[in-house]
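As C-alpha cells, the structure follows; a few thoughts come after it.
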Amino acid sequence: MNKRQSRRSTGRRSTPAPITGLPVEKNDVAVIDIIGMNHDGEGVGRAEGYTLFVAGALPGEKVRVKVLKTKKQYGYAKLLELVEASPDRIAAPCPIYDQCGGCQLQHMDYAAQLAWKRQLVVDNLTRIGKLQ
C-alpha cells in the first residue's frame, strides 16, 4: 500500500490547529458596530480591530454576534441580536427571506440598496480600473 491508500483507509484527517492571539475565538459572543458591507452584502464589523463578516447586518447597526469561524486576518459571525437597528432596515417583503438565502438585501431600504450598489461600482472602477 502506498501513502495515499493508507491515509484513505484510516479515515482520519488532520484538524488545523486553532489560531492563537486573536481577540475573539470560535463560539465567542461579542457586541460589535457594523461599519460597512462587503461585495456579498454581509455586514463588516470589528472586534478589537479584528474584522468579522456578519450576514444580515447593515452599516450603522450595533449587533450581538456569535463567532463561527476565524482565520488569521478575518472571521465570520452569526447575527444573534440587533442592539441598535439601522434606519435603513426594513421588514423583508418575502415571508421566507430568513430561511431561503437567495436574496441578500431585502432587509435594506431600496434607496439604501441603490446607494450601496452605486458605491460598489465606483469603488471597483477606482480600485481595479484605476479610473477617477
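The values are calculated or read from the model by the stated rules, or taken from the named source; none is laboratory data. In this text, all values refer to a predicted model and were calculated from it rather than measured experimentally. With ideal geometry, Cβ positions are generated from the backbone for all residues, glycine too; neighbour counts draw on all protein chains shown. Please note that ligands, DNA and RNA were not included when accessible areas were found on the heavy atoms of the full protein model with its side chains. Shrake-Rupley method; radii C 1.70, N 1.55, O 1.52, S 1.80 Å.
Below are the figures for this structure:
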{"item": "Alpha-carbon spread of the range 56-110, three principal axes, descending order, Å", "result": "36, 24, 17"}
{"item": "Estimated inter-spin distance, residue 119 and residue 38, nm [label 7 Å along Cα→Cβ]", "result": "1.7 nm"}
{"item": "Using alpha-carbon coordinates, inclination of helix 110-127 to the longest axis of the chain, degrees", "result": "60 degrees"}
{"item": "Gap separating the Cα centres of the range 74-132 and the range 51-71, nearest whole Å", "result": "13 Å"}
{"item": "Accessible area of the range 52-132 divided out per residue, in Å², using a probe of 1.4 angstrom", "result": "67 Å²"}
{"item": "Option label - P(r) over Cα pairs in 10 Å bins from 0, in percent computed here, alternatives (i) 11, 33, 27, 17, 9, 4, 0; (ii) 12, 41, 33, 13, 1; (iii) 11, 31, 37, 20, 2, 0", "result": "(i)"}
{"item": "Estimated dipole of the chain in Debye, rounded to 20 [Cβ of Lys and Arg +1, of Asp and Glu -1, Cα centre]", "result": "1240 debye"}
{"item": "Span per principal axis, largest first, for the Cα atoms of the range 93-132 (Å)", "result": "41, 19, 7"}
